Amino acid sequence: MSVNVGDEMMRLMGVLRHEPTGKWVRARLGGRLVADSRGALLVWEPRRIVPTYAVPEEDVRADLVAAEPAPASDVPVLHPGIPFAAHSTPGTTYDVRVGGDVRERAAFRPDDADLAGHIVFDFGAFDWTEEDEPVFSHPRDPFSRVDARRSSRHVRIERDGVLLAESHAPTLVFETKLYPRFYLPREDLRAEATPGDMVTACPYKGRATYLSFAAGENLAWTYPDPLPDASPLAGLVAFFDEVVDVTVDGVPRERPDSAVATVMKDEFGVG
């Protein structure tokens with residue numbers, strides 16, 4: 001019997017998962033330690049796209065105060081824009097106190113027996129390092145990868161009949177769980193672009209700034225100074241394929257319509 005890997009990945013997203021990591025992990029708030037662990041786990045709550053860290057209780061350096069849980073979310077896929085406090089597995093919610101600083105509902109103790117003695121932390125509430133290097137947005141997923149490949153495909157990007165970009169020198173980015181993206185040289189834009197009002201962060205690629213067009217706000221993004229592993233993408237421009245029309249080598253490409261694609265549109269507010 002064969003198994004569709006994508007379907008299997010979506011099935012696994014519906015369960016509580018965890019994976020050990022050999023990295024020395026520390027979380028800080030205002031420069032003070034919240035957690036300091038060499039025995040951290042990566043934890044994916046059900047329906048969560050990205051992981052966060054859980055550390056053994058003995059590695060917690062902050063005070064945990066039991067708090068009222070936040071309302072759960074009923075969206076099918078919990079993207080990073082859904083608050084950490086909206087848990088999808090039973091457990092106990094805590095406020096985190098370090099000195100005079102408090103981060104509400106920023107810690108969680110799952111009821112799961114395999115995670116007994118571990119505290120899961122809200123990644124976005126603290127400053128994190130893996131070994132001695134800062135990490136932002138969320139921990140890297142060991143089961144995801146990002147591959148960039150230069151190509152000579154002919155790519156056209158349009159919206160409502162307006163040509164936004166056309167290139168014979170795209171770089172294709174293949175990222176686990178996402179449709180391939182087309183990153184185009186800035187000189188291949190065919191419509192006037194102005195700075196958008198959004199900035200996002202990716203732990204694999206770096207910080208992205210956005211571009212707007214007369215055809216829509218924040219339709220594209222670029223990495224001016226990407227992380228070393230994504231250096232081939234420096235200055236290139238990618239579009240939200242979910243809301244533009246892409247033609248590759250003369251063949252129209254269907255817009256992504258997966259659950260993850262729907263989440264992308266909802267999270268970033270493009271449409």
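The values are calculated or read from the model by the stated rules, or taken from the named source; none is laboratory data. All figures in this text were calculated on a predicted structure; none of them were measured in a lab. Positions of Cβ are generated from backbone atoms using ideal geometry, with glycine treated the same way; all protein chains shown enter the neighbour counts.
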Answer from Tyr204, Tyr210, Tyr179 - the residue that is touching a helix residue (DSSP H, G or I) at 6+ places or on another chain (Cβ under 8 Å), over 19 Å from Val135 (Cα atoms), of a type outside the set (Gly, Ala, Ser) and outside the structural domain of Asp127 (by TED's automatic domain parsing): Tyr179
Please work out if Val43 is under 20 Å from Phe136 (Cβ atoms), aliphatic (A, V, I, L, M) and at pLDDT 95 or above. yes
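With closer than 22 Å to Gly81 by Cα, in contact (Cβ under 8 Å) with a residue 60 or more places away in the chain, out of contact with any Leu (no Cβ under 8 Å at 6 or more places or on another chain) and small (Gly, Ala, Ser) as the only criterion, which of Ala201, Ala208 stands out? Even if it seems obvious, please write down each step before you answer.
Details: Ala208 fails: in contact (Cβ under 8 Å) with a residue 60 or more places away in the chain.
From the options Ala201, Ala208, the qualifying one is Ala201.
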Quickly run through the range 160-186 and pick out the residues that are charged (D, E, K, R) and within 30 Å of Phe143 (Cα to Cα). Glu175, Lys177, Arg181
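I'm checking my understanding of the structure. Among residues of the range 50-62 that are touching a strand residue (DSSP E or B) at 6+ places or on another chain (Cβ under 7 Å) and surrounded by fewer than 21 Cβ atoms within 10 Å (Cβ to Cβ), which one is nearest to Asp114 (Cα to Cα)?
Initial filter on the range 50-62 (touching a strand residue (DSSP E or B) at 6+ places or on another chain (Cβ under 7 Å)): 51-57, 59-62.
Filter once more, so that each one left must be surrounded by fewer than 21 Cβ atoms within 10 Å (Cβ to Cβ): 56-57, 59, 61.
Details: Pro56: 12, Glu57: 14, Asp59: 17, Arg61: 22 Å.
Checked the range 50-62; the qualifying residue nearest to Asp114 (Cα to Cα) is Pro56.
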From the list Thr129, Thr93, which one is assigned by TED's automatic domain parsing to the domain that holds Leu16, modelled with pLDDT of 95 or more and surrounded by fewer than 17 Cβ atoms within 10 Å (Cβ to Cβ)? Thr129
Exclusive hit being within 23 Å of the chain's Cα centre (by Cα), without any contact (Cβ under 8 Å) to a residue 40 or more places away in the chain and either assigned to a loop (DSSP other than H, G, I, E, B) or assigned by TED's automatic domain parsing to the domain that holds Tyr204 (or both), set Pro83, Pro46, Pro69, Pro139: Pro83
Would you mind telling me which numbered condition in (1) surrounded by 16 or more Cβ atoms within 10 Å (Cβ to Cβ); (2) touching a Phe, Trp or Tyr at 6+ places or on another chain (Cβ under 8 Å) Gly235 fails? (1)
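Here is a yes/no grid of residues against (1) on the phi < 0 side of the Ramachandran plot; (2) modelled with pLDDT under 95:
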{"site": "Leu64", "(1), (2)": "yes, no"}
{"site": "Ser73", "(1), (2)": "yes, yes"}
{"site": "Gly99", "(1), (2)": "no, yes"}
{"site": "Arg103", "(1), (2)": "yes, no"}
{"site": "Ala106", "(1), (2)": "yes, no"}
{"site": "Phe123", "(1), (2)": "yes, no"}
